[in-house]
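Have a look at the structure below before the remarks.
The values are calculated or read from the model by the stated rules, or taken from the named source; none is laboratory data. What you are looking at is a predicted structure, and each value in this text was computed from that prediction instead of being measured. We place every Cβ from the backbone using ideal geometry, glycine too, and count neighbours over all the protein chains shown.
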């Protein structure tokens, strides 16, 4: 009887510890800086609304839309300034909330946008892990998106050569694995690459400094502006 009890007790304890560890791990994440929330306010050019699982930055444009996946363990709102910057240039942007702040758990969340709107071109985008997961969506849904926009990220899958892909990272990024990036560069097939001089890994958003990252040698505003210019020029 004791052996039977141990047979159930030990796995149960292990499961409880694993689940508890997961929730503790995911509860610690980078929070958006206060200044980021200013970009969630509507302007004369861009209307910002909060939907069930995303923020919608509705610009004056009607043809192109970007669906954006945040980086791992980063609060969604930290990317609002980048989304507002793109919307100011006439691109509608959907900033997606991810379960537990991990795009891995919401890879198909772009479907909720694509199935409810009607744009000529959809681009799937994301930062870091969010960019990698976005590329996976592009890989399995090449019929739905025009291309993938990866910020400090790369695709481990061979993307359809009909996709128009954009890869952007900072020259002082010490978080992204550069060797892995270079070895997988061919997976993007048809791509434009932009290296932002003085930029780093966290400079695409407002969530402070990221552990292990290089120094940001330009302002976040400058990195976001360069990112915006690269995107609007090549979509």
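Would you check which residues across region 98-125 are at pLDDT 95 or above, under 16 Å from residue 29 (Cβ atoms) and in contact with a strand residue (DSSP E or B) (Cβ under 6 Å, 6 or more places away or on another chain) and list them?
none
Within region 203-235, restricting attention to residues that are without any contact (Cβ under 8 Å) to a residue 60 or more places away in the chain and crowded, with 18+ Cβ neighbours inside 10 Å, which residue is nearest to the chain's Cα centre (by Cα)?
203
For region 54-69, name all the residues that are more than 18 Å from residue 145 (Cβ to Cβ) and part of a loop (DSSP other than H, G, I, E, B).
Listed by number, the residues that qualify are 59, 60.
Please verify whether region 175-191 includes one or more residues that are in contact with a helix residue (DSSP H, G or I) (Cβ under 6 Å, 6 or more places away or on another chain) and either surrounded by 15 or more Cβ atoms within 10 Å (Cβ to Cβ) or at pLDDT 95 or above (or both).
no
Out of region 97-126, which residues are touching a helix residue (DSSP H, G or I) at 6+ places or on another chain (Cβ under 7 Å) and either in a strand (DSSP E or B) or free of Cβ contacts under 8 Å to residues at least 12 places away in the same chain (or both)?
99, 105, 122, 124, 125, 126
Considering only residues that are farther than 16 Å from residue 129 by Cα and part of a loop (DSSP other than H, G, I, E, B), which ones fall in region 177-208?
189, 190, 197, 198, 199, 206, 208
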